[in-house]
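Participant: One structure is given below, represented as structure tokens, and several questions about it will come after.
The values are calculated or read from the model by the stated rules, or taken from the named source; none is laboratory data. All of these numbers come straight from a predicted model, not from anything done at the bench. Glycine also receives a Cβ, built like all others from the backbone with ideal geometry; neighbour counts cover every protein chain displayed. Surface accessibility is based on the protein's heavy atoms, side chains included, excluding ligands, DNA and RNA. Shrake-Rupley method; radii C 1.70, N 1.55, O 1.52, S 1.80 Å.
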Amino acid sequence: MQLARDAVATSPDNMQVIYGANENYVLPALVSIWSMWQNASQPVEVTLYVENMQRHSLDLIELARDRLGVPVRGKDFDGAGFEEYASQAMAYPVVSLLPLLLPRLVEGRCLFIDVDTLVMGDIWELVSADLNGMPIGACVDIGQVLMEDRICKVKVSDLIHPSRAKLKRKTYIDRIRNLGFVPGENYFNSGVLIMDCGVIRDQYPDWESLTNMDKLRPYTSMPDQDRLNEFFAGRWFKLPLEWNVRTGLKRHFERNQYKYRDVSEDLRVQIQEAIQDPKLWHFMGKRKPWLRRYRNSLRLRSRQGFKDYARVFSEFNAILGGVKE
């Protein structure tokens, strides 16, 4: 696969922050970028890659830059070479593979953030972190820590459709087999990543295999995340969980203590700190706060992450002069 190199130089005084979105996620991406920029204690430069970017998206990015003062530039993401992936995993846009491409696109260290996020803390705590010689830093994926639930829990729907339930469990077990290790606290979420791209290129001769279709083909549910975990297994630095907090964590942790009985004491402390002081909300799954059916849900509106998003979006929209959602 041929992909033009568009290297972005970085320096310790001007960190490069990378986002990737399809056309439907440009506005949420800009809300996240603005929240990140508001809380950053030092200058940052932001690049928003948009899959098959249209003129109206570029206009929106330029409007945000001019009215909000956010140093963001839009760049078209070329998905050429990933056609097979696009046909296999329609649930995800091809731009979701962007983290796998960062060693080709960035010269030094960068911070990658998913678009379905809201930044509440100073990202310079992250970008200046000592990774103890590791090429990548990320947060533990709580969903994979509790993977026992995915395999062992029996739902009413499983009794109604036993063959479907069996296939679902088999698919999950096959995914674990492809990874080569059992996910848990040694598996990270790719929503927030610090990557030393120069180190990866210099120290890992096979880094280009990150985007090899033969390697990606087994992963159909979370291809970018699974491939990163496969490649960097045992070679990543654990960032504090408060930098990648799912909005339902507090409720789930307090109501399902038995499910967390086997987590390490360190992770248990991190969970409690993340609940008390989340520095980045990650709206994982289908429940996005900018979608009307979830934004207006009384149950979801009571969650702190959704409250924070509503407040930040209101401020963002007022300064921008009103945008169509």
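Participant: So the check is Cβ under 8 Å with 6+ separation or different chains; which pairs have a first residue in the stretch 292-316 that's within 19 Å of Ile275 (Cβ to Cβ) and a second one that's basic (Lys, Arg) and outside any helix (DSSP H, G or I)?
Facilitator: Short answer, once both residue conditions are applied: Leu300/Arg287.
Participant: If you go through the stretch 120-133 one residue at a time, do you hit one that is β-branched (Val, Ile, Thr), modelled with pLDDT under 90, open to solvent by less than 20 Å² (accessible area, probe 1.4 Å) and outside any strand (DSSP E or B)?
Facilitator: Within the stretch 120-133, the first condition is being β-branched (Val, Ile, Thr), and the residues that meet it are 123, 127.
Next cut, modelled with pLDDT under 90 only: 127.
Then keep just the ones that are open to solvent by less than 20 Å² (accessible area, probe 1.4 Å); that gives 127.
Next, from what is left, pick out any that are outside any strand (DSSP E or B): 127.
The answer is yes, given that some residue of the stretch 120-133 is β-branched (Val, Ile, Thr), modelled with pLDDT under 90, open to solvent by less than 20 Å² (accessible area, probe 1.4 Å) and outside any strand (DSSP E or B).
Participant: Another question about this same structure. Going residue by residue through the stretch 284-292, is there one that turns out to be at positive phi and small (Gly, Ala, Ser)? Before you say what the answer is, go through the steps one by one.
Facilitator: The initial filter retains those residues of the stretch 284-292 that are at positive phi, namely 285.
Restricting the remaining residues to those that are small (Gly, Ala, Ser) gives 285.
The answer is yes; a qualifying residue exists.
Participant: Being open to solvent by less than 50 Å² (accessible area, probe 1.4 Å) and touching a residue at least 60 places away in the same chain (Cβ under 8 Å) is the filter; apply it to the stretch 271-288 and report the residue that is nearest to the chain's Cα centre (by Cα). Steps first, please.
Facilitator: Filtering the stretch 271-288 down to residues open to solvent by less than 50 Å² (accessible area, probe 1.4 Å) leaves 271, 274-275, 278-283, 288.
From what's left, touching a residue at least 60 places away in the same chain (Cβ under 8 Å): 271, 278-283, 288.
Numbers: Ile271: 18, Pro278: 15, Lys279: 14, Leu280: 11, Trp281: 10, His282: 7, Phe283: 9, Lys288: 14 Å.
Ranking the qualifying residues of the stretch 271-288, first place goes to His282.
Participant: Let me ask another. Identify, please: which residue in the stretch 30-45 is of a type in the set (Val, Ile, Thr) and at pLDDT 95 or above and is, among those, surrounded by the most Cβ atoms within 10 Å (Cβ to Cβ)?
Facilitator: Our first condition is that a residue be of a type in the set (Val, Ile, Thr); within the stretch 30-45, this holds for 31, 33, 44.
If we keep only those that are at pLDDT 95 or above too, we end up with 31, 33.
Numbers: Val31: 25, Ile33: 27.
Checked the stretch 30-45; the qualifying residue surrounded by the most Cβ atoms within 10 Å (Cβ to Cβ) is Ile33.
Participant: Looking at Gln16 and the list (1) buried (at least 22 other Cβ atoms within 10 Å of the Cβ); (2) not in a strand (DSSP E or B), which single condition is not satisfied?
Facilitator: (2)
Participant: Quick check on Asp262: is it open to solvent by 20 Å² or more (accessible area, probe 1.4 Å) and modelled with pLDDT of 95 or more?
Facilitator: Values: open to solvent by 20 Å² or more (accessible area, probe 1.4 Å): yes; modelled with pLDDT of 95 or more: no.
No: the conditions fail for Asp262.
Participant: Every residue in the stretch 201-233 that is part of a helix (DSSP H, G or I) and either under 29 Å from Pro278 (Cβ atoms) or among the hydroxyl-bearing types (Ser, Thr, Tyr) (or both), please. Walk me through it before giving the result.
Facilitator: The first filter runs over the stretch 201-233 and keeps only residues part of a helix (DSSP H, G or I), leaving 201-203, 207-211, 213-216, 223-231.
Scanning the stretch 201-233 gives Ser209, Thr211, Pro223, Asp224, Gln225, Asp226, Arg227, Leu228, Asn229, Glu230, Phe231.
Participant: Considering every residue within the stretch 106-113, establish whether at least one is more than 16 Å from Asp196 (Cβ to Cβ) and outside any helix (DSSP H, G or I).
Facilitator: At the first step, the residues of the stretch 106-113 found to be more than 16 Å from Asp196 (Cβ to Cβ) are 113.
Keeping just the survivors that are outside any helix (DSSP H, G or I) gives 113.
Within the stretch 106-113, one or more residues are more than 16 Å from Asp196 (Cβ to Cβ) and outside any helix (DSSP H, G or I).
Participant: Got a sec? Which of Glu254, Glu242 is acidic (Asp, Glu) and surrounded by 18 or more Cβ atoms within 10 Å (Cβ to Cβ)? Explain how you work it out, then say what you get.
Facilitator: On the way: Glu254 fails: surrounded by 18 or more Cβ atoms within 10 Å (Cβ to Cβ).
Exactly one of Glu254, Glu242 is acidic (Asp, Glu) and surrounded by 18 or more Cβ atoms within 10 Å (Cβ to Cβ), namely Glu242.
Participant: Here is a further query. Would you call Ser302 surrounded by 14 or more Cβ atoms within 10 Å (Cβ to Cβ), small (Gly, Ala, Ser) and either within 19 Å of Ala29 (Cα to Cα) or out of contact with any Phe, Trp or Tyr (no Cβ under 7 Å at 6 or more places or on another chain) (or both)? Break it down stepwise before answering.
Facilitator: Numbers: surrounded by 14 or more Cβ atoms within 10 Å (Cβ to Cβ): no; small (Gly, Ala, Ser): yes; either within 19 Å of Ala29 (Cα to Cα) or out of contact with any Phe, Trp or Tyr (no Cβ under 7 Å at 6 or more places or on another chain) (or both): yes.
No, not satisfied.
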